[in-house]
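The values are calculated or read from the model by the stated rules, or taken from the named source; none is laboratory data. A quick note: this is a predicted structure, and the numbers were derived from the prediction, not measured. Here the Cβ positions follow ideal geometry from the backbone for every residue, glycine too, while neighbour counts run over all protein chains shown. Calculation scope for accessible area: heavy atoms of the full protein, side chains included, ligands and nucleic acids excluded. Shrake-Rupley method; radii C 1.70, N 1.55, O 1.52, S 1.80 Å.
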Amino acid sequence: MLAGCANDQRSQRPEAGTFHYPTSIVADPAGDNVYVVSTNFDSRYTGGTVIPIDVATATIRSEGTVEVGNFAGELAILESGGRGVVGLIPIRDDDNLEVLDIDRNDDNIPILSCGDRKADALPRCEPARRVYIGEMARDADGEIIDSRDPFAVTIGRQFITGASSDDPLEGRHPFYVASLLDGPLLVFTIGEDRVPRFETAVSLSGGIHSLIEIPLSTRERIILASNRMTNEIQVARIHFRHSGRVDAAAELPVTLNQLATSGDYFRGMALSRDGKTLYAVYRSPAALALFDMGEDGRPVPRGLVALYGRPGTLAVYAPPDGSDREWVYVTDFWGDAVYVVDPIAMLVVDRITVGSGPYGIAIAGSRAFVTDFEEGAVSVIEVDPSSARFHEEIARLK
Amino acid sequence: VKQIRTFTILLALAAVTATACSSTEDYPNRIIRRPLGLAVVCQEAGAVPVPLERCGEAGVIASAWILDGDAGLLVMSLADGSHFDADPFVPGFSAFDLGGTPIAIRGADDSRNVYVLMLEDDIVGAPSLIQVESEDLALDLGFQRQPLPCRPETFEFAALPTAGGDPVPIIMVAMSCPAGSRVVAIPRDRVGTLSVDDIGLFPSWSVPGTVRHIGVSDEGTVVYLGHHAPASGGDLLTRLDLGMLPSEPSASITVTLEEPGSDGSGDSNPRVRGAPAVTPDGKFLYVPRVLPDGVAVFDAATLDRVDVHAPVPDTPDPGNPLMQRLGILDIPMAAPPLFIIMLGNGEVDRALVALESGELVGVFTTAGEEDPRAHRIELLGTDSRSVASAPVTRVGGKVVDRAYLLRADLPSFGATEISPDPEQEGSFVYYGIRMRGESRTEPTEAWTLSWEGRIPGASGTEGRLLPTDDGFTRVLEDLTRDFCGTGVQAGSEGLPSDIVVLRPDAPIDCGELVGAAFEYQVLEVRPTSLRLAPLYASMPLPGPECIGDDPIPFEVRVRESWAVTGARTGFLHNLESDGDTCRIRDDADPLFHARALTALPGSPGQGLSSCPVRFGDPEIGDAGWAAALFSNIAFSLTVHPGCRSDADFLPVVAPTVRDTELVFQVTSGSNPRQIAVGGLPAQGFVLAGDRIVGVDAANGLVMEIDPEAMTLVQSRY
């Protein structure tokens, strides 16, 4: 009886080499590792994790794992010297932004930490490396903009203004965080000190899933925000001024023709290699939405490629053969599969079966890594067309 | 063997219930997952295939063969909606597993065969064209798999003329090969019997780029290819005359779909979304394209582009001046068109255009007795009028609820209701907005009036201030802008000159100039520069000592007026760039106009007669009201000022805050005759008898449509 009433939720530390309801996955800019975010969706452990996987060998690098908060959102990686050095991850459970250090050990394995890392224990974020962002923003009247439930994050192009060294933005990166609940877009910058500096905020609609930055110039950026609760790609214009002041304004969103009323609309987004096309996962109906990018940074709807099930996120792969070909890989959460779309032909050219509940996907080298949310696994797919195992699941890591 | 195979589709479908526990009732749940298209097969007793045109006859049973990209080939009786279960031992309905990646399906007009194009065929280990005999349904279908040498793109039935004999039925298969794009004519009766090398023996045509779509003339001997070649002008259209040898110069004609005036550099993204379709009279070719969404029309013989909005010769029809002004040649559609079904009944030739948004829209392909214009959208009626919605007022970016009714201190169009129009019998004035009454030039879209609003496309961040000889004015140059083309002006016909607001990155504290934003009037407009002069003596133009050499962000706004912008129509004006200057366009028309004034009393500070301001207020005067009447090609209105009481409780004008917006929606009276067929219709609706059969990807429904009545007869999972 006593045992039946016991509640051991969040009492155990997560395991360093085990995925537990993984969602987001991101490739290191070096292309040699991917980072898998486990969300601890059932609150079994004290937190989630970020676990590196070696791309070449498709092996879990548990020695590099770090514990993060529960219900993490997307992960963004800051690059320096051709490899990732900082990870930024919003935590929905406590509305924090956690700043992860990414170092390499002697074997070039990424070692993640979030404060002091003890050799014999799974590191977790120290308070100093967690920034509470739930009530950081104020509107013009000084009222708090509710920024709880942060989910989407992206890092923008570094400011190389060529201006004098007293330019407060010189060398910094902009990065953006948006909330799933109420939809504010928070604008930060981050520099060598790895301390995020909040700049400004702008209110968008609740339901933001993914963000993409379109740099119009060094100081003027467009942010595209996919929205899962409204039929909109939302648009915000950010102006980083010489003076250091940052202005942000919401513009008219981009919508698609309403074909279904599922209440579930956009999910993951990515740009084509040439930046001329925006790909967005859509659920009303299940489809890959293609947009032509206008010179003003606004997407213009071009068409839908029909899919099935519950598509989640996507990744773009262009083979290193000098051709202009590329394919879009879209996860289908329902169908336990990954669709492969030729965006020029607007055609599904393959469908690859993976583990249960695929959601996140990242491509590094010639392999796609897919987080299988329900199975607690990562499926590895060969995407090199010249490979004998092209478009096969070559491993399922657990 | 053949006799054994004469289990018929009729028997098979009849046996469905017994063998596969199926029901003839409509299924409550979706069965088709990711439809790519369908073929229709019609058979009479004894499983004898009959031509599709006989599908509606008594004793003929039709079935739909649906290509499901995820599942395979599904077969459904159109008589009762039952599905054939390819594997009764697996719960649910099983499709025929095709073993690979299918991309397209076509059914022969004689119902004998269905063909599926496979991007990859696991059975043969190569791309293939699968031929299925419709009589073989009850067996484990003996698919005949024809290996293909290259990646297939699409295919279509055609006919190859022969010397003195009947044309040979062929299948034109477009492929992307290492050496380039090829279209190969494979005799239908040889499909499944050839080696890959054999295919090289048949006639083939090489074309640039990648062939995405194939259309065929009615008799099958002229083929139209839609191909995409970024290096050769983007989207191309080629006409192949199969009666001539490929080597003959006149055997093919190729044109580009680039818009007139484009730089010809092509586009990396294809804009043609579906197969070209020949009109029933054989004279024109319809091509569904996007951005802008519409149907491009070509002369089927010469491939000359047809401007469907041009004046009709020898008739009083002036064409559509708005479409001509916007440079649109095509039949406009409200969503991306995917494919076209041609319908000719001997009296009226029509086309049905399938839109991604799930509608089939009717189009007349020929002129009618009452309308001399061909290529026009069928309308529900000819007496429909366009309507406008109540204006929404936004101040400071926030919506003010029902301001036209509740807030006299804010500008409006002077009316709070819809009222009969005394000037046009049967028409109405919508909250002060009077439509012009020509619905063709009143497109459905949102219009925004913005007080001292930005001129779309004219503002920038890379402005540079250059000195002038007079030392008083300065030139703002931005090589990325086209100030003439966006409609910036230095003032004319009672309208004040536009203004430029400079917003340096950092606030300025430089002599007389202190602040973060500085306004100047436009004295002269050139394509990439504006000559500016001070608006006030206290605000001279900044010199380099104040702003340095950094580029300056700037806004270009209309002054003391409203910028009237249509969401699609944009900011209408009559200017264009001509070398180093601006000029008035040859087709200038006062109705292409986008600056509205507010009706104001004759002198500043003069009071009003009443508050809210009533139309005809004598303090504004006849001249004031007349000057404030705004008319463009779609509507007319008069902006009434907001008002308040002054210290003596007398009504006076309340000033309008910059960027105050009045937004309303126009719904065009041109209501297309259309029918909703679910969302995202899959390629290839089929005309079978007097019905059109198709499937949609949003819901997985197989639909039967009566194209004459434009009604949905049946839809089933």
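Assorted remarks:
- Those residues of region A:169-200 which are in a loop (DSSP other than H, G, I, E, B) and surrounded by 18 or more Cβ atoms within 10 Å (Cβ to Cβ), in sequence order: A:L169, A:R172, A:L180, A:L181, A:G183, A:P196
- Each residue in region B:505-532 was checked for being over 14 Å from B:A458 (Cβ atoms) and either open to solvent by 20 Å² or more (accessible area, probe 1.4 Å) or out of contact with any strand residue (DSSP E or B) (no Cβ under 6 Å at 6 or more places or on another chain) (or both), and 18 pass.
- When region B:421-455 is filtered for residues that are closer than 30 Å to B:Q521 by Cβ, open to solvent by 20 Å² or more (accessible area, probe 1.4 Å) and in contact with a Ser or Thr (Cβ under 6 Å, 6 or more places away or on another chain), the ones remaining, listed by number, are B:T448, B:W451.
- Qualifying residue in region B:468-476 (condition: crowded, with 20+ Cβ neighbours inside 10 Å and part of a strand (DSSP E or B)): yes
- Taken over region B:385-404, the criterion of being surrounded by 14 or more Cβ atoms within 10 Å (Cβ to Cβ) and out of contact with any Asp or Glu (no Cβ under 6 Å at 6 or more places or on another chain) is satisfied by B:R385, B:V387, B:A388, B:S389, B:A390, B:P391, B:V392, B:T393, B:V395, B:V400, B:A403, B:Y404.
- Among the residues of region B:339-370, the one identified as within 14 Å of chain A (Cβ to nearest Cβ) and either open to solvent by 30 Å² or more (accessible area, probe 1.4 Å) or touching a Lys or Arg at 6+ places or on another chain (Cβ under 7 Å) (or both) is B:E359.
- Selection count, region B:93-106, where residues are more than 14 Å from chain A (Cβ to nearest Cβ) and either open to solvent by less than 20 Å² (accessible area, probe 1.4 Å) or part of a loop (DSSP other than H, G, I, E, B) (or both): 3
- Total residues in region B:505-541 satisfying the condition of being within 14 Å of chain A (Cβ to nearest Cβ) and not in a loop (DSSP other than H, G, I, E, B): the figure is 3.
- Strands (runs of 3 or more DSSP E) completely within region A:201-316 that count 2 or more residues being within 25 Å of B:D70 (Cα to Cα) and open to solvent by less than 30 Å² (accessible area, probe 1.4 Å): A:266-271, A:277-283, A:286-293, A:299-306
- Whichever residue in region B:70-92 is under 17 Å from B:L38 (Cβ atoms), part of a loop (DSSP other than H, G, I, E, B) and among the hydrophobic types (A, V, I, L, M, F, W, C) and, among such residues, is most open to solvent (accessible area, probe 1.4 Å): B:A79
- Tally, over region B:678-713, of residues that are assigned to a strand (DSSP E or B) and without any contact (Cβ under 8 Å) to a residue 24 or more places away in the chain: 2
- Here B:N671 fits the description: polar (S, T, N, Q), at pLDDT below 95, over 30 Å from B:I31 (Cα atoms) and open to solvent by 40 Å² or more (accessible area, probe 1.4 Å).
- Considering residues of region B:15-56 that are open to solvent by less than 40 Å² (accessible area, probe 1.4 Å) and at pLDDT below 90 only, the residue farthest from B:H83 (Cα to Cα): B:A47
- Applying a threshold of 7 Å to beta carbon distances and a minimum spacing of six or more residues, or different chains, the list of pairs starting in region A:292-307 at a residue that is at the interface with another protein chain (Cβ under 7 Å from one of its Cβ atoms) and ending at one that is among the β-branched types (V, I, T) and outside any strand (DSSP E or B) reads A:R302/B:V290; A:G303/B:V290.
- Residue, farthest from the other protein chains (Cβ to nearest Cβ), within region B:217-240, restricted to residues that are of a type in the set (S, T, Y) and assigned to a loop (DSSP other than H, G, I, E, B): B:T221
- Some residue of region B:646-659 being within 14 Å of chain A (Cβ to nearest Cβ) and either part of a loop (DSSP other than H, G, I, E, B) or within 23 Å of B:F339 (Cβ to Cβ) (or both): yes
- For region B:485-504, filtered to residues that are more than 14 Å from every other protein chain (Cβ to nearest Cβ) and of a type in the set (D, E, K, R), the residue that is most open to solvent (accessible area, probe 1.4 Å) is B:E493.
- Segments classed as strands (runs of 3 or more DSSP E), wholly inside region A:64-144, with at least 1 members that are touching a helix residue (DSSP H, G or I) at 6+ places or on another chain (Cβ under 6 Å): A:96-104, A:110-113
- Residue in region B:405-415 that is farther than 29 Å from B:P496 by Cα and either among the polar types (S, T, N, Q) or open to solvent by 40 Å² or more (accessible area, probe 1.4 Å) (or both) present: yes
- Filter result (open to solvent by less than 20 Å² (accessible area, probe 1.4 Å) and either in contact with a Cys (Cβ under 8 Å, 6 or more places away or on another chain) or of a type in the set (D, E) (or both)) within region B:224-257: B:D235
- Any chance B:E156 is open to solvent by 20 Å² or more (accessible area, probe 1.4 Å) and assigned to a strand (DSSP E or B): yes
- Hits in region A:317-346 - residues which are in contact with a strand residue (DSSP E or B) (Cβ under 7 Å, 6 or more places away or on another chain), among the charged types (D, E, K, R) and either at the interface with another protein chain (Cβ under 8 Å from one of its Cβ atoms) or assigned to a loop (DSSP other than H, G, I, E, B) (or both): A:E326, A:D336
- Selection within region A:380-398 - part of a strand (DSSP E or B) and either free of Cβ contacts under 8 Å to residues at least 24 places away in the same chain or in contact with a Ser or Thr (Cβ under 8 Å, 6 or more places away or on another chain) (or both): A:E382, A:E393, A:A395, A:R396, A:L397
- Restricting the first member to region B:456-474 and to residues that are away from chain A (no Cβ under 14 Å), and the second to residues that are surrounded by 15 or more Cβ atoms within 10 Å (Cβ to Cβ) and acidic (D, E), the beta-carbon pairs closer than 7 Å and six or more apart or on different chains are B:L466/B:E477.
- With respect to (1) in a strand (DSSP E or B); (2) more than 14 Å from chain A (Cβ to nearest Cβ), the lone exception for B:F554 is condition (2).
- Scan of region A:353-377 for residues that are surrounded by fewer than 20 Cβ atoms within 10 Å (Cβ to Cβ) and of a type in the set (V, I, T), ordered by number: A:T353
- If you go through region B:590-630 and keep only what is outside any loop (DSSP other than H, G, I, E, B), closer than 25 Å to B:L405 by Cβ and open to solvent by less than 60 Å² (accessible area, probe 1.4 Å), you end up with B:A596, B:T598, B:G624, B:W625, B:A628, B:F630.
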